[in-house]
């Protein structure tokens, strides 16, 4: 029987207005802080058996970068970032132009194997928090230790953030990405904006 998902295209084509949940929010910019919402992207949750070398190779080849097996790590290549979530689970973030055909390509590549792929793009967004004050802003509301000694560049953690939740990825010395649910976006934006004010001057 043909894969019922093989021809599904969840990405609008043509003259369609695309808006992120925070499209009407101006970035927060200051001397030591910058907060902005990143453009619309493709978000995918993958499940693959890490003990199956063939499955891991096929999945990695399709994604374009080897799925990280080190807990709480992430890797990036050509605009696609893969985040470790659990021993058999990964969160893939990629530019929208790549995402449109990714699910179909992944299903084709994994044919005959046990796997899962879920496109969660419509329910997610990404915030960029950077600058010398970024870590201190996160310290006000994150339920994890974000000190350099505990949170190296490339580390990713799913955690509580200001009574909400999301994933925090350290992308550089003074830069982070927050992968959050669309339904939390306005609340977290307002909280982060307020927490950033002391670093704007």
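Values quoted throughout were computed directly from the atomic coordinates according to the rules given, and no laboratory measurement underlies them. Computed from a prediction, not measured in an experiment: that's the story for all the values here.
How high is the relative contact order of the stretch 9-98? Use alpha-carbon pairs under 8 Å, at least six apart in sequence, and give a whole percent.
Normalised by residue count, the contact order of the stretch 9-98 is 25 percent.
Specify whether the C-alpha gyration tensor of the stretch 39-185 places it in the rounded, prolate or oblate class, a ≥ b ≥ c being the square roots of the eigenvalues: rounded for a/c under 1.5, otherwise prolate if a/b is larger than b/c and oblate if not.
prolate
Post the alpha-carbon centroid distance, the stretch 32-77 to the stretch 152-201, in whole angstrom.
19 Å
Which residue, 75, 28, 118, has the most motion in a Gaussian network model of the chain that connects Cα atoms within less than 10 Å?
Most flexible of the set in this elastic network: 118.
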